[in-house]
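Read the figures in this text as sums done on the coordinates, not as results from a lab. Just so you know, these numbers come straight off a predicted model, no measurement behind them. All Cβ positions, even for glycine, are placed from backbone atoms using ideal geometry, and neighbour counts span all protein chains on display.
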């Protein structure tokens with residue numbers, strides 16, 4: 001039984017097709033004068049960056065741009081973005097894109113107002129002061145980072161992903177415009193959508209789950225599981241794109257407060273070492289980790305089956321929990337997501353070191369419903385080699 005609960009999220013969230021046009025009003029309400037857009041080269045090429053630039057220009061908002069965000073961004077990218085913030089006189093940062101751009105926007109805002117070294121902020125509650133104002137505009141239904149106090153960066157030297165967690169990392173405003181996600185390729189829709197679904201599943205089964213996060217995670221699982229196949233197959237369906245963004249956001253709210261668990265802990269080492277995209281890494285690791293974890297909370301794992309519209313009448317908890325895992329496997333199959341680490345160059349000899357990396361992700365393993373040993377971690381990796 002939990003005697004104390006706390007819930008935090010982004011204070012202002014705007015949702016709906018075309019809501020990107022509201023950004024000038026939001027900047028003015030925050031009493032800011034000069035923006036910096038943080039994004040990636042793909043969004044520049046796709047024309048989404050130009051759309052935002054035109055809106056800011058028409059609204060007489062001065063801005064500069066940092067468009068060099070890379071997937072799973074290195075610490076050095078965050079530092080480069082923060083240097084441009086200082087040089088440009090920016091007083092508000094706009095994160096436009098997927099989780100990588102959002103995270104760089106959030107950490108750049110912190111580095112602009114805190115004088116310490118970036119590495120000193122990697123951990124929990126290590127950021128001393130609030131950052132610059134931030135507005136986040138996600139273009140994928142995946143990370144939910146627009147409503148989380150978390151930033152994930154890649155440490156190339158240590159071959160690990162490291163996180164900063166602080167209430168100062170909550171954005172001031174999130175704008176969720178499904179029209180910006182319509183052009184996502186099917187493969188990106190699948191990987192990011194599965195990432196969002198895993199956020200919800202892990203938040204629901206975290207030992208730190210609460211009645212509030214359970215409610216959010218349940219609705220997120222329902223929205224994503226019932227709409228991801230259509231979003232993947234017919235990306236122009238704006239209503240489905242809206243529901244996917246909503247599901248991703250709710251999942252973000254859930255895991256921002258309950259935490260994610262071992263699936264993410266397994267994804268971090270293989271993402272850092274073998275550059276497997278985050279959503280794909282999570283998808284590969286999902287099924288063996290769920291099979292391992294379900295015994296730690298059969299009640300929660302069995303209840304999830306009904307969220308996937310599976311009939312569990314007459315089944316015991318273990319049987320129903322296995323149907324939850326089966327539903328996740330079928331969804332992954334329908335989305336044609338990769339299943340094996342060997343496809344990305346992982347070999348048997350790599351497994352002990354990768355398992356060591358899992359055991360270092362103590363922030364996430366502390367949320368896991370079942371205690372995990374390095375021997376367990378090695379066995380789980382071997383199941384998807």
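Figures for the structure shown
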| item | result |
| --- | --- |
| Convex hull volume per residue in cubic angstrom - Cα atoms of segment 253-385 | 108 |
| Evaluated over segment 182-226, the Cα radius of gyration and Dmax, each in Å | 11.9, 37 |
| Share, in percent, of DSSP beta bridges within the chain that are antiparallel, nearest 5 | 20 |
| For 302, 119, 211, order by how many other beta-carbon atoms lie within 10 Å, fewest first | 211, 119, 302 |
| Dimensions in Å of segment 22-101 - Rg and Dmax from alpha carbons | 12.3, 34 |
| Residues 38, 289 arranged by fewest to most Cβ contacts within 10 Å | 289, 38 |
| Cα-based convex hull, segment 12-181, per residue volume (Å³, whole number) | 99 |
| Isotropically averaged projected area of segment 253-309, using the convex hull of Cα atoms (one quarter of hull area), nm² | 4.7 |
| Sequence of 324, 306 once ranked by neighbouring C-beta atoms within 10 Å, starting from the fewest | 306, 324 |
| For the chain, alpha-carbon Rg and Dmax in angstrom | 19.9, 65 |
| Between segment 142-185 and segment 322-363, the Cα center-to-center distance that results, in Å | 22 |
| Over segment 178-294, equivalent-ellipsoid semi-axes from the Cα gyration tensor in Å | 22, 19, 11 |
| Per-residue [θ]222 nm for the chain (sum of -39500 (n - 2.57) over DSSP H runs n ≥ 4, rounded to 500) | -16000 deg cm²/dmol |
| Compactness relative to 2.2 N^0.38 Å, alpha carbon Rg of segment 1-43 | 1.78 |
| Inter-site label distance for residue 159 and residue 234 at 7 Å from Cα along Cβ, in nm | 4.6 |
| Residue-span extension gain [residue 126 to residue 295] - 0.36 nm each, minus C-alpha spacing | 57.4 nm |
